[in-house]
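These notes are about the structure you will find just below.
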Amino acid sequence: MAKPTHKTAQEVFEQVQKLDPDEREKLSDMFVAETEAQHFSSPEIEQAWMDEVRRRRKLHAEGKTHDVPSDKVFADLRRKYL
């Protein structure tokens, strides 16, 4: 029986982890662009969002921002709005 030729998301993720940081960032930008390309009303707006993504990623890498677990974010929103 032939083995499927497609890879699982986990297999691709494991391969991506082996890339150097610059290549991982390029790949991330490519995924963001591909995912969002159909949602922007103009190339200028798309570029502005991509710039913002890079700006935020840089701040995070420099330790100037921090992660907030999604369950905490949603709990805070529920408390505030529900």
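The values are calculated or read from the model by the stated rules, or taken from the named source; none is laboratory data. The structure displayed is predicted, hence computed values, not measured ones. Methodologically, a virtual Cβ is constructed for each residue, glycine included, from the backbone with ideal geometry; neighbour enumeration extends over all protein chains shown.
Quick notes
- Residues (within 23 Å of THR65 (Cα to Cα) and free of Cβ contacts under 8 Å to residues at least 12 places away in the same chain) located in the range 31-55: PHE31, GLN47, ALA48, ASP51, GLU52, ARG55
- Condition broken by THR65, with the remaining ones in (1) surrounded by 12 or more Cβ atoms within 10 Å (Cβ to Cβ); (2) assigned to a helix (DSSP H, G or I) satisfied: (2)
- Residue match in the range 22-32 (condition: at pLDDT below 90, among the hydroxyl-bearing types (Ser, Thr, Tyr), surrounded by 10 or more Cβ atoms within 10 Å (Cβ to Cβ) and part of a helix (DSSP H, G or I)): yes
- Scanning the range 33-51 for residues that are exposed (fewer than 13 other Cβ atoms within 10 Å of the Cβ) and not in a helix (DSSP H, G or I) yields SER41, SER42.
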